[in-house]
1. Regarding segment 18-36, can at least one residue be identified that is surrounded by 14 or more Cβ atoms within 10 Å (Cβ to Cβ) and at pLDDT below 85?
2. Could you tell me which residue of segment 37-48 is nearest to residue 85 (Cα to Cα), considering only residues that are open to solvent by less than 50 Å² (accessible area, probe 1.4 Å) and at pLDDT 90 or above?
3. Identify the single condition in (1) closer than 19 Å to residue 91 by Cβ; (2) of a type in the set (Ser, Thr, Tyr); (3) not in a helix (DSSP H, G or I) that residue 67 does not satisfy, given that it satisfies every other one.
4. For segment 53-83, give me the residue count where each residue is open to solvent by 50 Å² or more (accessible area, probe 1.4 Å), out of contact with any His (no Cβ under 9 Å at 6 or more places or on another chain) and of a type outside the set (Ser, Thr, Tyr).
5. Within the set of pairs 6+ apart or on separate chains, which have a first residue in segment 22-35 that is within 14 Å of residue 66 (Cβ to Cβ), a second that is of a type in the set (Gly, Ala, Ser) and open to solvent by less than 80 Å² (accessible area, probe 1.4 Å), and C-beta atoms under 8 Å apart?
Amino acid sequence: MSNTTERRDRASPRNGKDIAELARLRPTQLTLGYTHVSHKKEVTRRHADRNDLAQLRRFMRSHRIKTVVGPGGALYIVDHHHWARAWLELGYQ
């Protein structure tokens, strides 16, 4: 599985969604509840079956990181901040 999240702007469209590396996404929320991030990591681990990458893809797509394009084309997270942080901590790119 490609360790990326999906974004909406100028790259190659796939059903109205595009792919971007998590590291490219910029936060718009100054703080996060790390208890909530830990929970998101645990939920993701339960769906991360190495024998069924399609299941993990479906799970991650159902929790897409919502972004907007800002100055200079930078992508800013507007929803699912906790998922983004959890996936970064789990090693997804």
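The values are calculated or read from the model by the stated rules, or taken from the named source; none is laboratory data. Here the structure is a predicted model, which is why all the values come from computation and not from measurement. Here the Cβ is made from the backbone with ideal geometry for all residues, glycine too, and neighbour counts use every protein chain on show. Heavy atoms of the whole protein, side chains included, go into the accessibility calculation; ligands, DNA and RNA do not. Shrake-Rupley method; radii C 1.70, N 1.55, O 1.52, S 1.80 Å.
1. Checked segment 18-36: at least one residue is surrounded by 14 or more Cβ atoms within 10 Å (Cβ to Cβ) and at pLDDT below 85.
2. Only one residue fits best here, namely 37.
3. (1)
4. Summing the residues that are open to solvent by 50 Å² or more (accessible area, probe 1.4 Å), out of contact with any His (no Cβ under 9 Å at 6 or more places or on another chain) and of a type outside the set (Ser, Thr, Tyr) in segment 53-83 gives 9.
5. Listed by first residue and then by second, the contacts come to 22/84; 25/84; 26/70; 26/74; 27/84.
Residue-wise test of (1) assigned to a helix (DSSP H, G or I); (2) touching an Asp or Glu at 6+ places or on another chain (Cβ under 8 Å); (3) modelled with pLDDT under 85.
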residue	(1), (2), (3)
11	no, yes, yes
50	no, no, yes
77	no, no, no
84	yes, no, no
